[in-house]
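Report on the following structure.
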Amino acid sequence: KMDYLPEPDIFHDVFGHVPLHADPVFADFLQTYGKAALHTDDPYHIERLGRLFWFTVEFGLIHEDGRLKIYGSGLISSHGESAHALEAPEGRGKGKVERRAFDLDRVCDTTFEIDHYQPILYVLDSFEQLRDAMMKYAERVLDGAGVG
């Protein structure tokens, strides 16, 4: 049952989350995300921020050097989930995965379940795309919270 671990472990944190903090663009995304999360108490935005975290920080894919790669910690820390994300046939249904182009609003509108391989994953073109989308979304969140 080691292919899917519903609970993160030290490997998940050390090899998944920590290296991305050293990437300046990803760090900018995280800082902006944190500021938006800190300053909202609106359940609508809290839910959307949770979904954004899930589909990026935990289960994100990225196109890099002409290849599809994993960067999300939930993928990195699970051999089975990684193989599913990269190798499963495209589509919906058992054993398949729908790899969608990243669109922040679509990501935030997508629900997820934590007890099985993800049937939907979002693919970034770059970390700049994620950072820039988060900056725009944070403006909406912060304006709604009265923070400038």
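Quick rundown of the values:
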{"quantity": "Angle in degrees between helix 24-38 and the longest Cα principal axis of the chain, rounded to the nearest 10", "calculated": "60 degrees"}
{"quantity": "Anchor K35: aspartates and glutamates whose Cα lies under 14 Å away (excluding residues fewer than 8 positions away in-chain)", "calculated": "E139, D143"}
{"quantity": "Solution diffusion estimate, µm²/s, Stokes-Einstein, segment 10-144, Kirkwood Rh from C-alpha pairs, 4 °C, viscosity 1.567 mPa s", "calculated": "85 µm²/s"}
{"quantity": "Hits among aspartates and glutamates - C-alpha to C-alpha of K136 under 19 Å, sequence gap 8 or more where chains match", "calculated": "D28, D41, D42, E47, D103, D105, D109, D125, E128"}
{"quantity": "Hits among aspartates and glutamates - C-alpha to C-alpha of K96 under 14 Å, sequence gap 8 or more where chains match", "calculated": "E81, E87"}
{"quantity": "Sparsely packed GluC sites (Glu not before Pro) within segment 106-148, loop by DSSP, other Cβ within 10 Å at most 11", "calculated": "E113"}
{"quantity": "Descending semi-axes in whole angstrom, ellipsoid equivalent of segment 98-148, from the Cα gyration tensor", "calculated": "25, 15, 8"}
{"quantity": "The chain, relative contact order in percent, only Cα pairs under 8 angstrom and at least six apart counted", "calculated": "31 percent"}
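Each reported figure results from applying straightforward, stated rules to the coordinates on display, with no laboratory input. Bear in mind that the values here come from a model prediction, so they are computed numbers and not experimental data. Please note: Cβ atoms are built from the backbone with ideal geometry, for glycine as well, and neighbour counts cover all protein chains shown.
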